[in-house]
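Taken together, the values in this text are just the output of simple stated rules run on the coordinates, not laboratory data. Quick caveat: nothing in here was measured; it's all calculated off a predicted structure. Note: ideal-geometry Cβ built from the backbone for every residue, glycine included; neighbour counts use all protein chains shown.
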Amino acid sequence: MPPAIQIHDVTKRFGSFTAVDRVDLQIEQGEVFGFLGHNGAGKSTLINMLLDHIRPTAGDLEAFGADCQTDSVEARKHMGVLPDGYGVYSGLTGRQHVQFAMESKGVDGEPLNLLDRVGITEAADRAAEGYSKGMTQRMVFAMALVGEPDLLILDEPTSGLDPAGARSMREIILEENERGATVFFSSHILEQIEAVADRVGIMHQGQLAAVDTIGGLRDMAGGETRLLIATDNLEDSHIDAVEALDEVDQAGITDEGRLAVTCAKDTKMDVLLALDERGVEVLDLTTEEASLEDLFVEYTRRSE
Amino acid sequence: MNWQAIAQNDLRKAIHERGAWALFAGFFLGFGGLAALLVQLGGPEFEGYIDLLAPGVGLLVPLAGIILGYEAIIGERESGTAVLSLSMPHSRAGLIVGKLVGRTTLLATVIAAAALLASVILLYFFPSFSASRFVGFTAMSIVYGTTFLWIAAGLSMTLSTSRRVIAAAFGAYIGLTLFWTVLIDLTETVLFRFRPTSGEPETWVTLASFVGPNTSFNYVLAEVLDAGTVPAAVVDSSANFVTPVVALLALVGWAILPVLGGFLSFRQDDL
């Protein structure tokens with residue numbers, strides 16, 4: 001079984017600017033892979049090379065074993081794509097756009113079913129150029145879903161969508177994955193990726209800074225946790241004692257009088273035991289895990 | 001190569017194209033208007049009609065071809081619809097073939113529909129109306145327009161903005177329809193150091209003049225359909241290549257070479 005996507009040592013330069021820098025990446029069939037990075041990090045450039053819209057300066061890309069450059073039609077037969085920077089056909093309705101996608105992929109069916117699925121049934125017979133950004137995005141998503149593709153490639157799929165629209169798109173992405181489709185989607189919004197992706201790749205300044213599961217990324221980025229502990233009585237000596245523990249970075253008192261401890265995730269119990277030994281009763285405990293945002297900042301800072 | 005979907009989609013969109021409707025109206029006014037004028041003048045003759053129509057069509061049909069052709073690829077690239085269609089399993093060659101088929105069908109429909117409407121007037125008022133000659137004339141007009149449509153489409157695959165495509169296409173139009181023979185003559189004069197040659201022109205001069213699209217078109221009309229006059233450059237020529245087949249091949253060549261060149265350049269471009 002060939003991987004859904006195989007990217008081997010790919011570089012793309014525009015003049016002296018390196019948009020994508022020696023990227024290696026393999027995505028197995030059935031995965032939901034989130035591709036994270038700021039605008040201009042090189043995400044779309046990489047996706048456009050998978051589609052053969054632009055050609056790599058070096059390296060090669062494959063989708064389901066088909067070379068994306070020399071055998072690009074075969075590669076794209078496996079794909080349903082919501083690309084970046086597309087335009088719609090003036091004068092054609094949403095229904096006609098989906099119909100065009102069906103004819104292009106050689107699929108029979110009723111366009112309305114797909115428009116229904118993405119929630120723009122009532123706009124099906126209006127000219128697509130009059131659609132809002134969000135409706136256009138849904139329509140092209142419907143075009144991508146035509147013919148149950150093996151691989152969905154979605155470039156910033158939720159841009160222009162309101163929160164409800166973004167949620168229903170995430171639901172469809174998960175449904176498609178359930179059906180067996182591999183999903184490769186990019187975003188600069190962490191929550192989008194966190195909500196659906198099995199694995200995440202962080203793209204920064206043309207390089208793939210990290211690839212891992214979300215859990216794995218957390219661990220790699222230190223896996224630090226912040227504990228907020230409410231106690232019955234707290235003395236400076238207790239704080240010193242906690243701070244003296246291995247793997248505790250920092251301990252202090254918050255404005256509300258709680259004990260705040262920054263430590264490795266699995267040191268939590270040690271902290272609580274240390275307090276217990278000194279006769280401090282723990283009334284309440286909350287933990288704050290590092291958000292993906294923190295991880296992202298951490299990673300992009302590190303690779304600079 | 002799944003170009004049919006591209007062509008079908010292109011034609012579906014063409015219904016909404018104002019340019020196409022304007023061209024249809026223009027051709028109908030041209031074909032029908034000339035007929036009405038001759039009727040007004042009294043004693044309408046089909047001979048006179050088609051002789052007058054030939055030079056007019058020779059000037060206007062290429063313009064129609066350019067108008068319908070110049071956006072073929074650059075329009076799709078600028079509007080971003082090329083991104084959409086090439087995200088589906090279409091090759092770049094498929095996109096080109098589909099667009100050419102779509103655009104050419106549109107041009108043929110516009111000209112044929114206008115001619116068909118005009119032929120109602122002709123049938124009614126012109127006793128000497130010859131359907132076969134008028135059909136031939138219409139078909140030849142479509143071929144000639146297609147040549148320029150493909151030239152414009154070829155440019156549309158190579159150049160980076162639609163403005164440049166328009167400029168280059170109109171340059172080609174003026175150069176090929178108005179100045180081709182002049183250019184050949186000028187070249188001959190320079191080569192022969194301004195010494196006037198006597199008698200028959202050099203063979204290559206006749207050939208070069210003959211394969212100019214305007215000359216080829218007018219030659220076929222005059223020779224095969226007895227419409228208009230045989231172009232001056234070849235009227236007395238005894239050269240054996242001055243035949244309708246060569247003239248048609250010349251028009252086909254003018255259409256295919258720019259498209260081929262355009263394809264080679266578009267194939268390796270980033271979108």
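Among B:Ser85, B:Ser216, B:Ser156, B:Ser132, the order by Cβ neighbours within 10 angstrom, fewest to most, reads B:Ser132, B:Ser85, B:Ser216, B:Ser156.
Between the listed residues A:Gly130, A:Ala144, A:Phe184, the Cα displaced farthest toward the positive end of the dipole of the stretch A:125-207, a dipole computed from Cβ unit charges relative to the Cα centre, is found at A:Gly130. A Förster radius of 30 Å combined with the Cβ-Cβ distance from B:Leu59 to B:Thr203 puts the calculated FRET efficiency at roughly 0.55. When both bridge partners sit in the protein assembly as shown, DSSP labels roughly 70% of those beta bridges antiparallel. In chain B, if the dipole is taken from +1 on Lys/Arg beta carbons and -1 on Asp/Glu beta carbons about the Cα centre, which of B:Gly212, B:Phe266, B:Ala172 is farthest to the positive end? Toward the positive end, the furthest listed residue is B:Phe266. If R0 is 60 Å, what FRET efficiency do you get for A:Ser159 and B:Ala36 from their C-beta distance, rounded to 0.05? Once the sixth-power term is evaluated, E becomes 0.60. As a calculated quantity, the FRET efficiency between B:Ala93 and B:Leu52 at R0 = 41 Å, using C-beta atoms, amounts to about 0.45. Per residue of B:6-19, other chain Cβ atoms within 10 Å of the residue Cβ number 3 on average. Spacing of the modelled spin labels on B:Ala139 and A:Val297, each 7 Å from Cα toward Cβ, amounts to 7.6 nm.
Peptide A:105-112 is shielded by partner chain Cβ atoms: per residue, an average of 1 of them sit within 10 Å of its Cβ. The slack in the chain from B:Phe170 to B:Ala25, taken as 0.36 nm per residue of separation less the alpha-carbon distance, amounts to 50.0 nm.
Spatially close Lys pairs in the protein assembly as shown, defined by Cα atoms under 28 Å apart and a spacing of eight or more places or different chains, total 15. Taking chain A as a Gaussian network, Cα atoms linked when under 10 Å apart, which of A:Val211, A:Val32, A:Val282 shows the biggest mean-square fluctuation? The residue that fluctuates most here is A:Val282.
Put a plus charge on the Cβ of each Lys and Arg, a minus charge on the Cβ of each Asp and Glu, and nothing anywhere else: the dipole of chain A about its Cα centre is then about 1760 debye. Modelled label-to-label distance, A:Leu228 and A:Ala264, 7 Å Cα→beta-carbon offset: nm? Distance between the two pseudo-spin positions: 2.6 nm. Over all other residues within a Cβ to Cβ distance under 9 Å of B:Leu68, the charged ones net out to -1, with Lys and Arg as +1 and Asp and Glu as -1. Among A:His38, A:His238, sorting on how many other beta-carbon atoms sit within 10 Å of each Cβ, with the fewest leading, yields A:His38, A:His238. For the segment A:74-85, counting C-beta atoms of other chains within 10 Å of every residue's C-beta and taking the mean gives 3.
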